[in-house]
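The values are calculated or read from the model by the stated rules, or taken from the named source; none is laboratory data. The model shown is predicted, which means the values in this text are computed figures rather than measured ones. In this analysis, Cβ positions are derived from the backbone assuming ideal geometry, glycine residues included, and neighbour counts consider all displayed protein chains. Areas reflect the complete protein model, heavy atoms only, side chains present, ligands, DNA and RNA absent. Shrake-Rupley method; radii C 1.70, N 1.55, O 1.52, S 1.80 Å.
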Amino acid sequence: MRYTTSILAACASLAIAGAAQATTISNGDLSMGLFDNGGLGSGGVGLALTGAGDAITPGCLCEGWGVAANGVGNKYVYGGSSAGFTSAALSDVTASSAKSVVTTNDGLTITHTYTPVAGETLFKIDVVIKNDSGAARTDVRYARTLDWDVTPGYFGDNYTSVYVPGVAPEGKVMHTSTNPFAVPDPMVQRAQDANTNVSGAVGDLGSYFIFSFGDLADGDELSFTTFIGAYTTESALLAAFAAAGVEAYSFTSGSRHVNAFGYGFAGLDLPPIGEVPEPAALALFGLGVLGLGAARRRRKA
């Protein structure tokens, strides 16, 4: 939620000319505002649950994603604005789904496809990174950062958890932190709670994940899946993550541990949280953490 000089300067430097294309999609009681660059927060809607409010827009819109390759970052979305992109557009927009396609200045094409998960207050985001550069790209990375501001008491009365089996770096998870207050450049790690599983930490916190996918030949693509959603209880959110096959995650709940908002990742060469053996499984469902992603590499026909 906090606004610092560095954050304001970063957001100012990222500003792009003209109004970004945007839409709001809904899955029952859950709504999400999308910019054309795949960021959240358009139209004053971040991630809102009926009766619980919005968990992203009440404070700083310190939310976004980024990519890096060949040891070079500086290609990211943060606070709704972009850096290092040559194009961004929304397509296939319906009341509950949309697709964002972004092209970077070094020839990567990143597609985020947002669809509702039936019967849940949860969205599925399929992410595809394709190398259209004409040459191989080494050390391909993806970062995701988000400042959770769950009402009421979103500044000092939030409870944040982050979980990676075995603790990062593990599988495709290269780095985690509870500091969301910087642009998501995958070449830059953060010291706050670095590579530590955090359970119910109180305060103005969020999460930051960096995933490492290795090299990507020209014409090849990789993919993974993110889930993001909200429930009135932490246990319901974690149950939905387990059913979706989430392997790593972060979430924040508001005062008295109610109204839990989170995201998760699967297919990161880690065990799904629903398969963590006892007693670790019991401990897991007492944590709070965001993250889901499935990653696979394939040659496009």
Give the residues of the stretch 149-161 that are assigned to a strand (DSSP E or B) and open to solvent by 40 Å² or more (accessible area, probe 1.4 Å), sorted by residue number. Y159
Picking from A48, A10, which residue would you name as being hydrophobic (A, V, I, L, M, F, W, C) and either within 16 Å of the chain's Cα centre (by Cα) or at pLDDT 95 or above (or both)? A48
Out of the residues in the stretch 188-211 that are crowded, with 16+ Cβ neighbours inside 10 Å and aliphatic (A, V, I, L, M), state the one that is farthest from A55 (Cα to Cα). V188
Condition set more than 19 Å from K124 (Cα to Cα) and assigned to a helix (DSSP H, G or I), scope the stretch 236-267, selection most open to solvent (accessible area, probe 1.4 Å): answer is R256
Meets criteria (in a strand (DSSP E or B), touching a residue at least 12 places away in the same chain (Cβ under 8 Å) and crowded, with 17+ Cβ neighbours inside 10 Å) for V101: yes
Under 7 Å between Cβ atoms, which residue pairs at least 6 apart in sequence (or on different chains) link something in the stretch 243-261 that is over 21 Å from A118 (Cβ atoms) with a partner that is small (G, A, S) and surrounded by fewer than 24 Cβ atoms within 10 Å (Cβ to Cβ)? E247/A266; G254/G153; S255/G153; N259/A52
Is it the case that P184 is assigned to a loop (DSSP other than H, G, I, E, B) and either open to solvent by 30 Å² or more (accessible area, probe 1.4 Å) or of a type in the set (F, W, Y) (or both)? no
Just to check your reading of the model, which residue among F241, F251 is of a type in the set (F, W, Y) and either in contact with an Asp or Glu (Cβ under 7 Å, 6 or more places away or on another chain) or within 18 Å of W65 (Cα to Cα) (or both)? F251
For residues in the stretch 114-148 being under 27 Å from A68 (Cβ atoms) and either in contact with a helix residue (DSSP H, G or I) (Cβ under 8 Å, 6 or more places away or on another chain) or not in a strand (DSSP E or B) (or both), which is modelled with the lowest pLDDT? W148
Taking the stated definitions as given, is K75 among the basic types (K, R) and open to solvent by 30 Å² or more (accessible area, probe 1.4 Å)? no
Somewhere in the stretch 235-248, is a residue closer than 22 Å to Y78 by Cβ, at pLDDT 95 or above and among the β-branched types (V, I, T)? no
Taking the condition of being part of a strand (DSSP E or B) and either among the polar types (S, T, N, Q) or modelled with pLDDT under 95 (or both), how many residues in the stretch 82-98 meet it? 4
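Let's see how each residue does on (1) of a type in the set (G, A, S); (2) closer than 18 Å to G267 by Cα:
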| position | (1), (2) |
| --- | --- |
| P152 | no, no |
| A191 | yes, no |
| G206 | yes, no |
| L216 | no, yes |
